Amino acid sequence: LYYKGKIVIQDYDKAIYYLEQAANQGFTEAQHNLGVMYSNGEGVKQDYKKAIEYFEKAANHDFPESLHNLGVMYYNGEGVKQDYKKVLYLHEKAVVKGIAETQYNLGIIYRDGKIIKRDYNKAIEYFEKAAIQGDSDAQYKLGIMYENGEGVKQDYIIAKEFYKKVCNSGIQIGCDKY
């Protein structure tokens with residue numbers, strides 16, 4: 001309540017106090033929220049090490065958003081040594097939980113082929129999963145892949161359909177391509 005300011009006035013000090021109480025009792029959502037607060041510096045000094053500590057506690061219970069956030073931190077080397085094997089491990093665990101952002105990230109990883117062998121089929125699979133959930137970034141990437149024939153038969157009509165979805169989300173770049 002105090003963290004988001006719903007029903008009561010936002011108060012980070014109270015949020016930290018109550019979230020720490022809940023986190024110490026093993027509540028994974030509280031552990032995750034503390035990780036977010038430390039990662040973003042919301043109400044506390046930004047501290048990636050503490051963020052990782054809380055995300056790991058929640059991830060140990062397969063909390064999907066914490067698995068995702070840890071994967072991002074390992075990808076970017078935020079508070080930890082960059083570790084692409086760990087990124088893939090965490091994202092593969094989180095993607096099963098249906099997190100669109102993780103699906104999108106895995107799509108990028110497989111499309112770019114920087115940390116794992118390029119696999120357009122897997123990239124498309126993950127982008128499609130995220131796109132179905134309304135992820136406009138994934139919809140845009142699919143538009144590009146169909147426009148350029150990357151891993152799919154080039155199809156301007158399908159590309160245009162994806163750009164239209166992006167445009168309908170209010171994102172100008174989709175409108176420009178549409």
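No lab work stands behind these numbers, since they all come straight from the coordinates. Nothing here was measured: the structure is a model prediction, and the numbers come from that model. Positions of Cβ are generated from backbone atoms using ideal geometry, with glycine treated the same way; all protein chains shown enter the neighbour counts.
Summary of computed values
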{"item": "Pair Phe27, Lys160: separation of 7 Å Cα→Cβ label points (nm)", "result": "5.2"}
{"item": "Label point distance in nm, Ile108-Asp47, each placed 7 Å from Cα along Cα→Cβ", "result": "2.8"}
{"item": "Cross-link partners of Lys81 among aspartates and glutamates (Cα-Cα below 18 Å; sequence separation of 8 or more within a chain)", "result": "Asp47, Glu53, Glu56"}
{"item": "Spin-label pair Asp62/Asn76, simplified geometry with 7 Å Cα→Cβ offset, distance in nm", "result": "2.7"}
{"item": "Helical contribution to [θ] at 222 nm, DSSP H n ≥ 4, -39,500 (n - 2.57), averaged over the chain, rounded to 500", "result": "-21000 deg cm²/dmol"}
{"item": "q = 0.17 Å⁻¹: log10 I(q)/I(0) that the Debye formula gives for the chain, counting C-alpha atoms only", "result": "-1.02"}
{"item": "Paramagnetic reach from Tyr120 in the stretch 145-173 [backbone N under 20 Å; point 7 Å along Cα→Cβ]", "result": "145-163"}
